[in-house]
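Laboratory data are not the source of any read-out in this text; all were calculated from the coordinates shown. Because the structure is predicted, anything quoted here is derived from the model rather than measured. Glycine gets a Cβ as well: all are built from the backbone with ideal geometry, and neighbour counts include every protein chain shown.
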Amino acid sequence: MQRQIETECYVMPFDFEESKKSNILVSGTNNTGKTRLACGICSILEMAGWRNIVFDNSGVWKSVSDLPFYIEVEPNEYWYKIPIVSESIIYDISNLVPESQKTFVDFVLRDLWESRDSFNIEWVMVSLEEFELYGRSTRGTTAQNIFRIMHAGRNRQIRVLAISTDLALIDSSFIRLCGIRYHGRLNIEENSKRKYRSYYGKEWLNKTINLELGQFVYLNKNKLETIRVPCFEATDKPIEYTPPIPEKPKGFWSKLLEGWHNWK
């Protein structure tokens, strides 16, 4: 059931039930408000008890989101040493070159898939900035885990929020897997307009070209409408994640002393 979601200062149309069945796509050229919109969606899900995993190659999420933690991923870092986090987290991968960004995302998503089963209580939303980097082709080796999660992630209670500048830069198979879509102002390139028109027709193409900042064409259950979304403003900013210090193993004499006290 679609509901108008409202927090203390944020109101937008969002369908909770459909977000469990399908993936979400946010598109639009620069300065349309798509990252703020995505932050708002993640904030809504966070309050609903979802776990959020964000891959941010723009470097802005840690300053505009209200998710609790972030980790800056540095070049030449042994990725297997990056802590596995069971809480919502932003991976700031802006310091990595695109090829390394794709490899890192694939590494984390493979681990996420293997850590889940069919009986999870907690839902997980995976958000990907500049989705065209990963969704250009389903044949790429680093796209396989994204493709698997977008297709079958519902069975493991994982969904994907894809953020992109242009539909023309994404493989159509990924777009079809997104039943909820928010489209901001369109690029002026002919390929962009042609791809958009093939999905929604000339009338909606003309509407989308003329959208203003914060306006989106909203698709849900094959119904289109024009909406205005307020700029998301975080009241609390994420802090850098610090792994918990593992408890130091007890020595022989400590164990002996503890056993003596328990015996007494």
Do any chymotrypsin sites (Phe, Trp or Tyr not before Pro) in the range 31-125 lie in a loop, going by DSSP, with at most 15 other beta-carbon atoms within 10 Å of their beta carbon, and if so which?
Tyr78, Phe119
Just grab the label-to-label distance for Gln144 and Arg194, each label 7 Å out from Cα along the Cβ direction, in nm (one decimal).
3.2
Rounded to the nearest 5, what % of DSSP beta bridges with both residues in the chain are antiparallel?
35
Cα extents of the chain per principal axis, largest first, Å, are 82, 41, 34
Suppose the chain between Asp111 and Glu240 were pulled fully straight at 0.36 nm per residue; how much longer would it get relative to their current alpha carbon spacing?
44.3 nm
My understanding is that a pair violates if its Cα-Cα distance is over 19 Å; which of Lys34/Lys62; Lys202/Lys223; Lys21/Lys223; Lys20/Lys207 do that in this structure?
Lys20/Lys207
Going Cα to Cα from Lys237, which aspartates and glutamates come in below 12 Å? Please leave out same-chain ones fewer than 8 positions away.
Asp66
Measure nothing fancy, just the Cα-based angle from helix 34-47's long axis to the longest principal axis of the chain, in degrees from 0 to 90, nearest 10.
50
Fewest to most neighbouring Cβ within 10 Å: what's the order for Cys231, Cys178, Cys39?
Cys231, Cys178, Cys39
Taking the chain as the reference, fit the longest principal axis to its C-alpha atoms, fit the long axis of helix 190-209 to the helix C-alpha atoms, and give the angle between the two in degrees, 0 to 90, nearest 10.
70
If each of Glu233 and Arg154 carries a label point 7 Å out from its Cα toward its Cβ, how far apart are those two points in nm?
3.8
Taking 7 Å along the Cα-to-C-beta vector as the label spot, tell me the Glu72-Asn31 distance in nanometres, rounded to one decimal.
2.8
For helix 252-263, what angle does its Cα long axis make with the longest principal axis of the chain, in degrees from 0 to 90 and rounded to 10?
80
Given an 8 Å cut-off on Cα distances and at least 6 residues of separation, report the relative contact order of the chain as a percent.
26
